[in-house]
Amino acid sequence: MLDRESTFADPAIVKLLQTRFIPVAIDQAYQRRQKDNEGKFYQKIANQSPRKVGRGTTQGLYTADASGKLLAFTNNRSSERVQRMIQTALAKHQPVKVAPLAKGTPDARFNPEPPKGGLVVRVTSKVLGGYEEPENEFRRIFQQSLGRDNLWISANEHAALAKGQLPQNLLKRIARFHLVDNTRGEPSMWNDNEIKKLEGTLRNGQLRTTVQLKTAKGDRSYEAELLGHLETKKGKVTRFDVVAKGHFRGEGTYTRNAPKGRFPLAIAFTLADGKDAADTIPPQGSRGWLPGYMR
């Protein structure tokens with residue numbers, strides 16, 4: 001979401017990407033670990049940049065030719081720097097003929113699929129206030145940004161919801177992995193022992209839940225109510241609209257510059273329709289640990 005307000009808000013960059021490149025968006029935390037052809041191709045490109053695989057994150061913007069030769073790289077959202085990177089890549093590019101990359105067998109650990117018979121729910125978060133006046137445009141973008149993720153619901157949980165039941169393990173998954181402030185970066189998830197209160201009911205399609213989350217040090221917390229509406233038809237959930245609203249405190253390692261003290265945070269959940277390519281993206285909390293996320 002941040003990039004839409006910065007790098008990809010520049011019409012010149014968007015036009016170049018649409019006409020001169022084949023844009024690909026990935027989660028490098030997966031690709032730099034994948035032991036398959038897709039992963040090897042990405043790793044080949046990344047290893048030609050300043051950010052080598054095996055030395056931490058390989059985040060950034062890469063341009064490469066069809067053979068995997070790196071043409072240019074940057075890890076800066078500034079539209080000016082990205083434009084320079086793009087122009088450098090275009091100047092270096094020489095068309096080459098290469099054999100298509102064989103699909104091979106995907107690394108199952110990093111290619112999870114939504115649960116069969118289950119549900120995918122879009123999750124969107126927003127800090128509603130509490131920020132100090134931003135010192136620059138980039139900080140303003142961070143303050144206004146949205147967090148986005150997907151919630152996966154298993155087939156058994158789907159069946160229970162359709163019967164008017166509210167599975168406790170689903171509530172816990174929502175609390176641990178989705179009641180987070182991910183608006184400024186990758187959030188810290190909650191541990192089981194940080195769930196201080198989690199009580200919910202589902203009656204006549206009306207969902208009402210109270211949650212209190214708090215670290216042992218008290219440096220991060222969230223107290224909120226979840227209110228929502230579910231509808232079913234022929235044994236399937238056809239509507240899942242839930243909003244969590246409450247007060248958050250603190251920040252994570254990669255979510256710095258949060259508002260001071262307690263600040264309002266809202267998180268919306270709505271059933272995905274499968275029309276958005278992002279609907280198939282695995283939940284962030286499931287990275288390399290899908291069984292732990294789904295338990």
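The values are calculated or read from the model by the stated rules, or taken from the named source; none is laboratory data. This is a predicted model, so every value here is computed, not measured. Here the Cβ positions follow ideal geometry from the backbone for every residue, glycine too, while neighbour counts run over all protein chains shown.
Some notes on this structure:
- Among residues of segment 82-105 being exposed (fewer than 11 other Cβ atoms within 10 Å of the Cβ) and basic (K, R), the one that is nearest to the chain's Cα centre (by Cα) is K103.
- Inclusion of K97 among residues that are in the same structural domain as A12 (by TED's automatic domain parsing), modelled with pLDDT of 90 or more, farther than 30 Å from A258 by Cβ and assigned to a loop (DSSP other than H, G, I, E, B) is warranted.
- Taken together, the residues in segment 250-286 that are closer than 15 Å to E113 by Cβ and part of a loop (DSSP other than H, G, I, E, B) amount to 5.
- Scanning segment 233-249 for residues that are touching a residue at least 24 places away in the same chain (Cβ under 8 Å) and assigned to a loop (DSSP other than H, G, I, E, B) turns up just one, G235.
- Considering only residues in segment 20-34 that are among the charged types (D, E, K, R) and loosely packed, with under 14 Cβ neighbours inside 10 Å, the one that is farthest from the chain's Cα centre (by Cα) turns out to be R20.
- Filter result for Q144 (surrounded by fewer than 17 Cβ atoms within 10 Å (Cβ to Cβ) and in contact with an Asp or Glu (Cβ under 8 Å, 6 or more places away or on another chain)): yes
- Inter-residue pairs, beta-carbon under 7 Å, first not assigned by TED's automatic domain parsing to the domain that holds K275 and in segment 122-150, second surrounded by fewer than 16 Cβ atoms within 10 Å (Cβ to Cβ) and of a type in the set (S, T, Y), 6+ apart: none
- Some residue of segment 36-48 being modelled with pLDDT under 90, surrounded by 14 or more Cβ atoms within 10 Å (Cβ to Cβ), in a loop (DSSP other than H, G, I, E, B) and not β-branched (V, I, T): no
- Filter pass, P282 being farther than 21 Å from I153 by Cβ and touching a strand residue (DSSP E or B) at 6+ places or on another chain (Cβ under 9 Å): no
- Among residues that are buried (at least 21 other Cβ atoms within 10 Å of the Cβ) and among the aliphatic types (A, V, I, L, M), A175 is included.
- Per the listing E231, E225, the residue uniquely over 18 Å from A175 (Cα atoms) and over 22 Å from the mean Cα position of the chain (by Cα) is E231.
Yes/no per residue for (1) small (G, A, S); (2) within 15 Å of A244 (Cβ to Cβ); (3) at pLDDT 95 or above:
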| residue | (1), (2), (3) |
| --- | --- |
| P134 | no, no, no |
| A160 | yes, no, yes |
| R176 | no, yes, yes |
| R208 | no, yes, yes |
| T215 | no, no, yes |
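- Failed item in (1) surrounded by fewer than 18 Cβ atoms within 10 Å (Cβ to Cβ); (2) touching a residue at least 40 places away in the same chain (Cβ under 8 Å); (3) in a helix (DSSP H, G or I), with F8 passing the rest: (2)
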